[in-house]
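Presented below is the structure to which this report refers.
What follows draws every value from the coordinates through simple rules; no lab data is involved. Not measured: the values here are computed from a predicted model. Cβ: placed from backbone, ideal geometry, glycine included. Neighbour counts: every protein chain shown.
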Amino acid sequence: MKTTSADYFDGRSSLRHSSTVTLDGNQVRICFDGQELQYDRDQVRLSEAVGSISRSLHFPDGGVCELHDNGFTACFEQKAGGSSLSGRLHRLEISPASVVASLVLCIMLVGGFIQYGVPWLAKRAAFALPPVMEERLDRESLELLDRFLVKPSTLPPEKRHAVMRLFKQVQSGFPTDFPYRLEFRHGAKLGANALALPGGTIMLTDELVELADNDQALMAVLAHELTHIRNRHALRGLLQSSASAVILASVTGDITSITAIAATLPAMLAEARYSRDFEREADDGAIQWLHSQHLPTKPYAELLAKLQAQLTVKSGAPPEKEGVRNYLSTHPDTAERIRRIIRTP
Amino acid sequence: MTTYRTITCPQCRFAKTVPADTIPAAVTSVTCPQCGTSFALEEPALPPAPPPSPSLPADHGHKEGRHTLNFHFSGAAREYFGIWIVNTVLKIVTFGIYSAWAKVRKRRWFYGNTWLDGHAFEYLADPKALFKGWLIGVGALMLYSAAGKIDPLLAIPAGLALFLAIPWVIVRSRMFNNRNSSHRNIRFGFRANYREAYTVYAWLPLLSLLSLGLLYPYTVYRQRKFHVEQSSFGSAPLRFDAKARDYYRVYAGASLWFVLILGIIGVAATLLLQGAPGLKNPRDLHLLLGPMLVLLYIGMLMLSVVFTVYLKVRLANLTWNGTCLGSGRFASSLRIQDLLWLYISNLVAIALTLGLMIPWAAVRLARYRCAHLVFIHEGPLDNFLADAQGKKVGAAGEELADLFDVGVEIGL
């Protein structure tokens, strides 16, 4: 038998009755103002525990008893036998061990989602984007790049025609779901560089064309950029940079909502903060194309080495010339990439 | 103006509050509905209800038998962290199915830690009912997004349907939440007045749009009025006596702040442009672009935070101070500078810990809110009666409001 004092409310008025509650075997008794109510314990519901809030007994006639005695609730629960779902949840929530475990699990789940879930969703979303959107993004990015970063090309027309012929040759090896275009620009701040825009436009800087005195190397670069386009790397990178946009796009299917973050696309392309995976994929695409044409991979590796050398020299320049960039500053791990390219027979 | 009388049975202490003018003058004795005792009706013991006044005296202490009952929040952030993190993980691993249970546990904790006159509130919703509502909500959300996918033209009727559903959803959600909140074992209630709901949530917003925002403060006033007046504690309706012109005053103040801060940003930008040294060459102007953008960003952030907090605080005070229940009324004394500090420090703490301080932020907000809300009442809260007509309410509206994010925030 267990007795405690409690506040009883009959459920009809807000009047408080000071009462005593007694748990006697299978009976619950409440005494207040000279009255006594008695119930079977099975009919009485103890409100579920959350944190340390005070708990109450709910009686079948609508009456409620607010308890202030943890010993009594423990006794009542013990008699109820077995552990309910809410009881188990409550123990999880108050045990330091399970709280720490939940914290670790939560961090792992969120981290795993950012690491693997977001790229996967971004890929699906990027491939689902209507071509009209891609063309618009492409056009707007090119306009912004023209306005702020690059200048009109100064290459002689005959050189441009020669490169264009190479481009046509490489392009024939890629799927035709994009209206591929090649644009020549004077790189200025971008240096020797090549960018792949989402709608199928490749921007090649004069500096890169001049540096690559070898047609095969230039074709490899073009194949690399075409792979970026074919695999929607620009868009996927854009989507990945904003996990919330990806989730929104995947859940609602409303891909147009990415226009909100599309303004960052030119900056991202210029910085080319592509993931290493994208670069590896694009290199593989270039190597595959070279193989299919029975062309050697060595010139491509040599071009990369040359770019690396240029970068190293320029970076050592006085501070006012800081900000020197080229194809490689935006494409990390050159040594590893060269090794990969050369290793493939 | 209605005055209320509380008649208490001397035998069983059963009490009932009724409008004084419903008791015929000739009646001298009454019979208690509870125990059947007949007793003499005495002269009104209560002074008449206070005249409605929008501006409350600053000191709400004990005055002529009036009691100031303080709200109080007793929850500790550390305890809530455990509840929050366990429920978050469970929500993730069950793909949201668990959210109904998580919601009940969260609300039970917040309600159970909110005290008025020595008694905590209780949240009584059944998670299974909420889960059914959640399923309906998810179904509707999928249907809604699928409509746009199948045919962009379908998005128009779908959007229109959503717009027309909002008032209904809001009413159902309030009904569910009030019905499942109780204090002293008396449940709150919300009367379903769909006609008024469509007026304040569809018709008036449309008119306010057409009036280029001139009707917006009036719309907000009518929405708050609607929420208070449809609500009840047991059988006692809540009353609302704030005036529309007070809402116009709040929005005028907010606009003034808006213009003031915008001016400060403008002056700062001008000073920066003029004061920058050695800017003879216009080509160097781009060097200023960085600092200018940073300044603009910080300025805009400040602007939106101050604007939001100012409106939140003043609207909350205005609404609570206009709310009466029985012979008592609420008094809210939130301060803009306090809440500004709370919001900014919460934001910084949440950002620096990648969200792990969310429980702490929620608890400190609840503590501050409760510490600045009182109920001024004659005597103890003993004479409210339950609403005998109270029925169970489905949770579809509540979950639809959550999933479509059309819930009305009346917390603060």
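Structure values in brief
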| read-out | value |
| --- | --- |
| Environment charge of B:T199, counting only residues whose C-beta is closer than 14 Å and scoring Lys/Arg +1, Asp/Glu -1 | +2 |
| Segment B:174-217: trypsin sites (Lys or Arg not before Pro) in DSSP coil with no more than 16 other Cβ atoms inside 10 Å | B:R191 |
| Pairs beyond 30 Å (Cα-Cα), from B:K103/B:K243; A:K2/B:K91; B:K106/B:K391; B:K312/B:K391; A:K2/B:K103; B:K106/B:K225 | B:K103/B:K243; A:K2/B:K91; B:K312/B:K391; A:K2/B:K103 |
| Debye log10 I(q)/I(0) at q = 0.09, 0.11, 0.12 Å⁻¹ for segment A:109-231, Cα point scatterers | -0.30, -0.43, -0.51 |
| When each of A:K123/A:K189; A:K151/A:K298; B:K132/B:K392 is checked by Cα-Cα distance, pairs over 21 Å | A:K123/A:K189; A:K151/A:K298 |
| Pairwise centroid distance, computed over Cα atoms, of segment B:62-113 with segment B:182-252, Å | 26 |
| Order of B:L90, A:L109, B:L260, A:L290 under a 10 Å beta carbon neighbour criterion, fewest first | B:L260, A:L109, B:L90, A:L290 |
